[in-house]
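Novice: Quick one: this structure, given as C-alpha cells, is what I'll be asking you about.
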Amino acid sequence: METKKSFNSPYLQLLVTMVLWGSAFSSSKAVVEHVPHSVGAFLRFGGGAIALLLAMWMFADRKKPVPGRAKWRAAAAGVVGVFAYNGFFFWGLSLAPSLDAGILIPVMSPVLTSAFLLVTGKERAAWARVAGLALGLTGAVIFFVGAGGGTHGGSSRLWGDALFLVSAVCWAGYTLVGSRVLTGVEPLRATTYATCAGAVLLAVFAAPDLAEVQWSELPSGVWLNTVYLAVGAAAVANLLYYRGVGSVGPANASLMMFTVPVVNTLCATLLLGESFGWVQGMGALVLLSGAALAVTQGKLPGRRAAVAAPPAPAAEDADHASEQPRHLVKER
C-alpha cells in the first residue's frame, strides 16, 4: 500500500519522465549510428505514433467529440514540433554527439521562448528574466566556441550543434502555439494528432533512404532502442507527465526539466563514451544557470492547485514558466 502511494507521487512520476527523456538522446544516437538520420527519425516517431494511438485508445475519453478544426490545428503543429524538430535533431545527431543535443535543446528552447515573449511584449521584462536570458545566450556562444575548436571539437560537431539550435527554435515555436492547439481538445489527443501528422511527413522524407538500409543486418540493439524510444520516451513518459503536471502545476513541473541535461550527460558519457572539452563545459554551466534564472526569475514557484495537464515535451523539451503558453510533445 505504501509502495503504491509512493509511486503515485507526482514528483516521482515527473522524475521518471525526465529520466526517460534524458536517456532518449543517447538512445537516438545509437540508432543513427546504424541507419540514415531520416530513417532513424521515422522509426522513432512512427513507433511513437503507434504507441500514442494505443494510449489514446486505452485512456482517452471516447465519448467527448473533438472539433475538426482542433484536429487540424494539432496536425499543423506537428509539422513544426515533430517533423521539422526531429528532422533537424536526427540530422544533428549524425554530425555531433548526443551530449551536445541534451544540453542545447532542452535548455535553449525555454530561453528562446522567453526571448520571443519579451520582444513581442507578451511577457513582463523583469530584471531577473532579462539577466537570465542574457546569461543563457552568453553560455550558448561559449558552448559553440568550444564545439568549433580543440581536441573535442571540429567543423562537423559545430554544424551538428547548429542543427540542434535550429531544433530548439522549432520546439520554441511549437511551445508558443501550444495554447491555441489545446483549445477544444484534451492534451493526449492533441499530442497524438500532432505526432501522427509529423510521423507521416517523416515517412515521406525517409522514403528514399529506406531502400539503403540492410534491415536483416541491423543489430538487435537498434530495435531495442527504437522500441524504448517509442514506448518509453513517448507514450509512458507523456502519460506520467500529464499526471504530474495535473498535481503540482506547470511551473513546478518545468523546474524538473533541468534534470534532463544531467541524465543525458550521464548516459552519453557512460554508455557512448562521449565527452566535451572544458570550454564547452563552462558554456554548458553558464547556459544552465542563465536558463534557470530566466525560468524561476530568482524565485521558486509555489505549489499550485491542480490544473489541466498540458502535453509533454520530448527530451528534448523544457518549459519556462507557468504563464508561458503550454507546448505539445513529441520525444525529445
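Read the figures in this text as sums done on the coordinates, not as results from a lab. Quick caveat, the model's predicted, so the values are computed rather than measured.
Novice: At a threshold of 8 angstrom on Cα-Cα distance, excluding pairs fewer than six apart, so keeping six or more, what relative contact order does segment 56-203 reach in percent?
Specialist: After rounding, I find 52 percent.
Novice: What full-extension length gain, to one decimal in nm, is calculated for Thr138 and Arg180 as 0.36 nm per residue of separation minus the Cα-Cα distance?
Specialist: This chain segment gains 11.9 nm when fully extended.
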